[in-house]
Amino acid sequence: MVQNIIIDTDPGQDDAVAILLALASPELNVLGITAVAGNVPLDLTSKNARIVCELAGRTDIPVYAGCDRPMARDLVTAEHVHGKTGLDGAELPDPTMRLQDAHAVDFLIETLRTEPPGSVTLCPLGPLTNIGTALRRAPDIADRIARIVLMGGGYFEVGNITPAAEFNIFVDPEAAQLVFRAGVPLTVLPLDCTHKALTTRARNDAFRAAGRIGEVVAGWTGFFERFDMEKYGSEGAPLHDPCVISWLLAPDLFQGREINVEIEVESPLTRGMSVADWWRVTDRAPNALFIGHVDAEGFFQMLTERLGRL
Ligand code: BDR
Ligand code: CA
């Protein structure tokens, strides 16, 4: 059965690869892409989302611009990882596709109210501002969302932007708290999983061999892996956001636990920490499938094969 999804995103090279993977997959029907401020400001994320659609030849996908800043805080961006444009590493033409007139939050609410209940899955790949705002403005949509499958947080791997917090949750912890408390079925792909989905020279060579789009992807990974290799001393860079789409396509590649996850919004020291009860030491009810492991070989094989189809 084909799954209807909405990708909420702040591209970002790894977001871009996630979008391409979704567009290459007949099991998924992308109803729309909603852009949010995150890795770079909104004008760039909403432009980059269209660049990626055009790269895939999918000018039919509606792209909406959403919130340009977190619900309660100033925006923090990550040009130090993704470059000035957010998509540094490959030369791509400016988009000719227009942005949709509607605001991303209105599109989310409208779509969830119109489509049959339980038929739309949300895939947030950036700060949760658009989703949190939609849930606050229209709490009735919570019951209509099939599942939220998001990249964010960390438990054993803890933080990548502060010692305690992962970037997407750190940027808008209030929105994340709303999402984690919404009672919607939730799958979380945290750093514990995504730090196992590492590029290597062989994996980049395989992208390049997969054709025109694979070459673009290898350009992107080549750009941002320099930063991650220096930071983590790892062989390559984590492909965070494609894990979300990959979980939808092949959940057997992943392992996790149904646990309780709460978001810290108060402490200045640990703002945006995802407090994951991995060892189930509290009696707080589970609210998320928190993924701790991915079969990296299987993940890269599927990704490379799918990119070759575009
Ligand atoms: C997340 O932050 C962004 O830099 C990436 O696109 C990913 O969504 C990883 O912490
Ligand atoms: Ca992202």
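Counting alpha carbon pairs within less than 8 Å and at least 6 residues apart, what relative contact order, in whole percent, applies to the range 22-124?
For the range 22-124, the relative contact order is 30 percent.
What three numbers, in Å, describe the spread of the alpha carbons of the chain along their principal axes, ordered from the longest?
Computed over the Cα atoms, the extents are 50, 44, 39 Å.
Over the chain, with every protein chain in place, what whole percent of the accessible area is carbon and sulfur at 1.4 Å, could you tell me?
Taking all protein chains in place, the chain shows 51 percent carbon and sulfur surface.
What does the charge count near Ser234 come to, summing +1 for each Lys or Arg and -1 for each Asp or Glu among other residues with Cβ under 9 Å from its Cβ?
Neighbourhood net charge equals -2.
For Lys47, give me every one of the lysines with a C-alpha distance below 29 angstrom, ignoring sequence neighbours fewer than eight places off in its own chain.
Output for Lys47: Lys84, Lys231.
Just from its helices, what would the mean residue ellipticity at 222 nm be for the chain, if runs of 4 or more DSSP H residues each count -39500 (n - 2.57) and the sum is divided by every residue, rounded to the nearest 500 deg cm²/dmol?
-11000 deg cm²/dmol
Given the range 226-306, what percent of its DSSP beta bridges are antiparallel, to the nearest 5?
Given both bridge residues lie in the range 226-306, the antiparallel proportion sits at roughly 100 percent.
Starting from 0.36 nm per residue, how many nanometres of slack lie between Arg201 and Glu79 once their C-alpha separation is accounted for?
Residue separation times 0.36 nm, minus the Cα-Cα distance, leaves 41.5 nm.
Only residues of the range 21-64 count here: report those whose backbone N is under 13 Å from the spot 7 Å along Cα→Cβ of Thr96, or say none.
54-55, 57-60
Which GluC sites (Glu not before Pro) in the range 226-310 sit in a loop by DSSP (not H, G, I, E or B) and have at most 11 other Cβ atoms within 10 Å of their own Cβ?
Of the GluC sites (Glu not before Pro), the ones in loops of the range 226-310 whose Cβ has at most 11 other Cβ atoms within 10 Å are Glu266.
Take peptides 205-218, 172-185 and line them up by average Cβ neighbours within 10 Å, highest first, as a rough protection proxy.
Those peptides, ordered most packed to least, come out 172-185, 205-218.
Determine the relative contact order of the chain: mean sequence separation of Cα pairs under 8 Å and six or more apart, normalised by residue count, in whole percent.
19
Per residue, how much accessible area does the chain show when a 1.4 Å probe rolls over the protein heavy atoms, in square angstrom?
40
For the pair Glu235 and Thr282, how long in nm is the line joining their label points, each one 7 Å along Cα→Cβ?
Here the modelled spin labels are 3.7 nm apart.
Cut-off under 16 Å on the C-alpha distance; same-chain residues fewer than 8 positions from Lys196 excluded. Which aspartates and glutamates are left, in chain and number order?
Asp14, Glu157, Glu166, Glu225, Asp228, Glu235, Asp241, Asp252, Asp295, Glu297
Over the range 155-264, calculate the relative contact order: mean separation of alpha carbon pairs under 8 Å at least 6 apart, over the residue count, as a percent. Display every interim value, and only then the final one.
Numbers: 98 pairs, mean separation 30.8, N = 110.
Relative contact order, the range 155-264: 28 percent.
For the chain, set up a Gaussian network in which alpha carbons nearer than 10 Å are linked by springs, and say which option among Leu289, Leu20, Leu128 fluctuates the most.
Looking only at Leu289, Leu20, Leu128, the biggest GNM fluctuation is shown by Leu289.
Share of antiparallel DSSP beta bridges in the chain, in percent to the nearest 5?
30
The values are calculated or read from the model by the stated rules, or taken from the named source; none is laboratory data. Treat the numbers as computed from the prediction; the structure is a model and nothing was measured. Here the Cβ is made from the backbone with ideal geometry for all residues, glycine too, and neighbour counts use every protein chain on show. Only protein heavy atoms, including side chains, enter the accessible area calculation; ligands, DNA and RNA are left aside. Shrake-Rupley method; radii C 1.70, N 1.55, O 1.52, S 1.80 Å.
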